[in-house]
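Colleague: The structure under discussion is supplied below as structure tokens; questions concerning it will follow.
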Amino acid sequence: MAQNEGERRMDESTSPTMDAAKKADRAVRDTARTYLEKFGVKLDLEQIEKSIRDKPLPSAAIAAAAGFIIGGGLATRAAAPILALFARAAAQETATNFMTGMVRTRTR
């Protein structure tokens, strides 16, 4: 019985933390959705999150490439070979996802 009481206390002590994390998650989603809609961009954020969870490495590569470009990395001499390397990988992944999506749509 002591173990169950300890587990219950653990759940109770993490509950406010979990509530705060869920509240912050909702706030970030709502803010992102508001900004995207303000610019006329309609995205299914839940689907994007699912894609990131399903394929974390390509998602991280895309985020790194975007940060590189936005951060001014294109202005350096090393930018062209690095960008070409990532562009090839991104193009291959995009083509694979596109073809998979077409096959799934036709088989339904």
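Colleague: Go through the range 39-87 and give me each residue that's surrounded by 10 or more Cβ atoms within 10 Å (Cβ to Cβ) and basic (Lys, Arg).
Modeller: LYS50, LYS55, listed by residue number.
Colleague: For the condition assigned to a helix (DSSP H, G or I), under 24 Å from ASN97 (Cα atoms) and aliphatic (A, V, I, L, M), what is the one hit in ALA32, ALA66, ALA27, ALA21?
Modeller: On the way: ALA32 fails: under 24 Å from ASN97 (Cα atoms); ALA27 fails: under 24 Å from ASN97 (Cα atoms); ALA21 fails: under 24 Å from ASN97 (Cα atoms).
Step by step, each of ALA32, ALA66, ALA27, ALA21 is checked, and only ALA66 is assigned to a helix (DSSP H, G or I), under 24 Å from ASN97 (Cα atoms) and aliphatic (A, V, I, L, M).
Any read-out appearing in this document is the output of simple, stated calculations on the displayed coordinates, not a laboratory observation. If you're wondering where the values come from, they're calculated on a predicted model, not measured in any experiment. Note: ideal-geometry Cβ built from the backbone for every residue, glycine included; neighbour counts use all protein chains shown.
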